[in-house]
Amino acid sequence: MEKILFIINPKSGVDRVKALQGLIEKHLDHTKFTPDIAYTQYAKHGTALAREATRKGFKTIVAVGGDGSVNDIIAGIYGSDATLAIIPKGSGNGLARSLRIPLDPVKAIQLINKGHKNTIDLGMADGRIFVSNAGVGFDALVARKFAKSKRRGMAMYSWIVTKHLWTYKEWEWEIEVDGQRLNEKAFILTVANAEQFGYNFRIAPAADLQDGLFDIVIIRKYPKILGSAIAIRAFNGSILKSKYVRHLKGRKIVIRHPKLSLLQMDGDVHPCSHEVSIEMIPSALPVITPA
């Protein structure tokens, strides 16, 4: 039987963790898998746990948590022969939604039992692995504020966006896409591998996790009164049709600004220099997904 490790972020509370343990025991196919469970205890602990698991011969490693937890575990799996599975337990669950993985934990476990795999692309930005998106500008600001908030969920995310929307000042960015230079005064500049940030906010509805290309989505300076209209376009999948949005595709992207200091990747914010290089890693990670 195959060794499978569930890495659980326990910050959701003891009762919810116990409930998850019960669901794994009840619904996992024990004729196929020999399961074990590990718990993250501090930031980035998931990376260390996943890396150790690959050395111990675990062939499937399940990220039980939100996009940040998934990102940590991918960093630990990358370069091994292990397969990622996801039980979404975060607030936004952007990657799970992009991969059409059920948000219901029982259905997610049943999906693991089926064992259907797809190999997806990853990105590398400033030496760090990401899977869904990397960005600068307003989304990095929102990600930083959201990370500091004690509350989660769509209501808090929307409140942060609304609070800072009217005061945010767009920057003039220098961008290279596969060697071609352009300058754009942008509100949001996102390099997307997957279609959404989370909450079904599809910043890059044309993105494909298997095409070996990033979708670069640039939301230009626009009248702030139209913020709600652009948000609606993101939710209904028509954001690329807005005249305030520029869409490009590429494999290597360089972003420069003399004041650049923050980069968000999969919702986590990291310090960076005034120049960020982002590169595609095609066909880098096997993931259990719907057929």
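The values are calculated or read from the model by the stated rules, or taken from the named source; none is laboratory data. Please read these numbers as outputs of a predicted model, since none were measured by experiment. When we count neighbours, we look across all protein chains shown, and the Cβ atoms used for this are built from the backbone with ideal geometry, even at glycine.
Observations on the model:
- Screening Lys26 against (1) in a loop (DSSP other than H, G, I, E, B); (2) more than 27 Å from Gln264 (Cα to Cα); (3) out of contact with any strand residue (DSSP E or B) (no Cβ under 9 Å at 6 or more places or on another chain) leaves a single unmet condition, (1).
- Unique residue being buried (at least 17 other Cβ atoms within 10 Å of the Cβ) and of a type outside the set (Gly, Ala, Ser) when the list is Leu213, Leu182: Leu213
- Contact annotation: no residue pair with Cβ atoms under 9 Å, 6 or more positions apart or on different chains, pairs a residue in the range 164-175 that is without any contact (Cβ under 8 Å) to a residue 60 or more places away in the chain with a partner that is loosely packed, with under 10 Cβ neighbours inside 10 Å.
- Hits in the range 203-232 - residues which are out of contact with any strand residue (DSSP E or B) (no Cβ under 8 Å at 6 or more places or on another chain) and over 18 Å from Gly123 (Cα atoms): Pro223, Lys224, Ile225, Leu226, Gly227, Ser228, Ala229, Ile232
- Here Pro105 meets each of (1) at positive phi; (2) surrounded by fewer than 23 Cβ atoms within 10 Å (Cβ to Cβ) with one exception, condition (1).
- Whichever residue in the range 80-90 is touching a Lys or Arg at 6+ places or on another chain (Cβ under 9 Å), at pLDDT 95 or above and of a type in the set (Gly, Ala, Ser) and, among such residues, is surrounded by the fewest Cβ atoms within 10 Å (Cβ to Cβ): Ser80
- Test set (1) modelled with pLDDT under 90; (2) within 16 Å of Leu262 (Cβ to Cβ); (3) not β-branched (Val, Ile, Thr) - Trp173 fails condition number: (1)
- Scope the range 109-141; condition of a type in the set (A, V, I, L, M), part of a helix (DSSP H, G or I) and either within 18 Å of the chain's Cα centre (by Cα) or surrounded by fewer than 16 Cβ atoms within 10 Å (Cβ to Cβ) (or both); matching residues: Ala140, Leu141
- Residue in the range 106-123 that is closer than 15 Å to Asp268 by Cβ, of a type in the set (Gly, Ala, Ser) and at pLDDT 95 or above present: yes
- Candidates in the range 37-76 are the residues that are of a type in the set (Asp, Glu) and closer than 21 Å to Thr289 by Cα; of these, the one that is surrounded by the fewest Cβ atoms within 10 Å (Cβ to Cβ) is Asp72.
- Residue satisfying condition, being closer than 23 Å to Phe197 by Cβ and assigned to a helix (DSSP H, G or I), within set Ile86, Ile74: Ile74
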